[in-house]
1. Taking just the alpha-carbon atoms of the stretch 235-332, what radius of gyration and Dmax come out, in angstrom?
2. At what distance in nm do the modelled label points of ASP204 and GLU99 sit from each other, each positioned 7 Å from its Cα along Cα→Cβ?
3. For LEU250 and ALA75 in one chain, what is 0.36 nm times their gap in residues minus the Cα-Cα distance, to one decimal in nm?
4. At 0.36 nm per residue, and after removing the present C-alpha to C-alpha distance, how many nm does the segment from GLU324 to ASP155 gain when stretched out fully?
5. Mind telling me which of VAL188, VAL66, VAL127 comes out most flexible in a GNM of the chain, alpha-carbon contacts under 10 Å?
6. Tell me, rounded to the nearest percent, the portion of alpha carbon pairs in the stretch 94-188 spaced more than 18 Å apart.
7. What are the semi-axes of the equivalent ellipsoid of the stretch 2-116, taken as the square roots of 5 times the eigenvalues of the Cα gyration tensor, listed largest first and rounded to whole Å?
8. Past the 19 angstrom mark, what percentage of all C-alpha to C-alpha distances in the stretch 130-262 do you count?
Amino acid sequence: MRIGVAGVGRIGTMHAAHLASLPAVDAVLLYDPIDGRAATAAATLDKARPTDTAAGLIEQADGVLVATPTDTHPALVRACLAADTPVLCEKPIAADLAEMTRLVDEIEKGGTPVLVGFQRRFDPAVVELRRRIATGELGPIYHVRATGFDANPPDLGYLPSSGGIFRDLLIHDLDAIPWLVGEPVTEVYASGSVLVDRAFADADDVDNAVALLRFAGGAHAVLAGGRHDPLGYDHRIEVLGGKNSVAVGLDPRTPLTSLEPDGPQAGPDAYPGFPERFRRAYLNEMRVFTDVVAGRAENPSPARDSLVSLRLAEACERSRRTGEPVRLEGAS
Ligand SMILES: NC(=O)c1ccc[n+]([C@@H]2O[C@H](COP(=O)([O-])OP(=O)(O)OC[C@H]3O[C@@H](n4cnc5c(N)ncnc54)[C@H](O)[C@@H]3O)[C@@H](O)[C@H]2O)c1
């Protein structure tokens, strides 16, 4: 199987390396408009070779991974749909709700598989958590806590185009938590502060935020996220049910220091960033994508679900700005 990678930047290079490591993949084709970038990346990878155009990449590949800047996603996805080539597109598949809605409708009309790169959906521990919730092993879900803190803020020049902390950072848990709980969110309340760097205020954004989600059945989820954690990159999900209480992301590399005598201590091996924390998830994401391309697996991250998380992110942003809870009418 030949898989094309459009965009060989930060995340595209990582995905290309994971794809090259899979026995099911015979060739990884790379395209990037920056001169020499695809050739340089190809030289470091087994099975990889550069291509000259995006059209050539799509034509030669059995499946295409889109890892380009967000504003280029809709055009590349549409080009793949026109060729009936399955796609894995990095999140978000489109920058705003109107464009995303149009694109999702086109995707569903065409029937070509399009997976969205929300990596939590491919993380083996998160998948197991979902199974336990769905089978009732945890009992009725009372409460969910999601923690998502970057070690350091992104390049500050990126902030004005990021869409704000809910669309950019908390979007991952706004996707994963309703998917895990399996119920619609009926109300959100959100709050945020600038505590790390005034540049966030200058960009009309915040660098620490919380969101409270209320589910139709009465369970609550509290999502917390921010742009700085002095100990490392911290992502955890904890679920308390009537029969059990479990966590993902809690392991010897979690950047958290317990003050109890025998409690875990954060050390130099704490996760430095998302590529290390989600290594198993990203690798599995590529495995699942190739299985979908081969027609052996269902798509666990369909495009329509992206509308749910984007609507929630927009509701959180509105709540943070107004200080009021926002009710969601049949939206998620
Ligand atoms: N799932 C995740 O955890 C995660 C993490 C980081 C980024 N992302 C997403 O991945 C996407 C890429 O982010 P990044 O940080 O790798 O960006 P980046 O800027 O490092 O890389 C993007 C690359 O795409 C290339 N490019 C631009 N236009 C192109 C086109 N039309 N065709 C082919 N290549 C093109 C650029 O030259 C660049 O090399 C973004 O949408 C971002 O939101 C997802």
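1. 18.8, 52
2. It is 1.7 nm.
3. 59.1 nm
4. Gain on extension, GLU324 to ASP155, equals 57.8 nm.
5. The residue with the greatest mean-square fluctuation here is VAL127.
6. Roughly 61 percent, once rounded to a whole number.
7. 23, 14, 12
8. 53
Here, each number is a calculation from the coordinates, and none is a lab measurement. Computed from a predicted structure; not experimentally measured. Cβ atoms come from the backbone with ideal geometry, glycine included; neighbour counts cover every protein chain shown.
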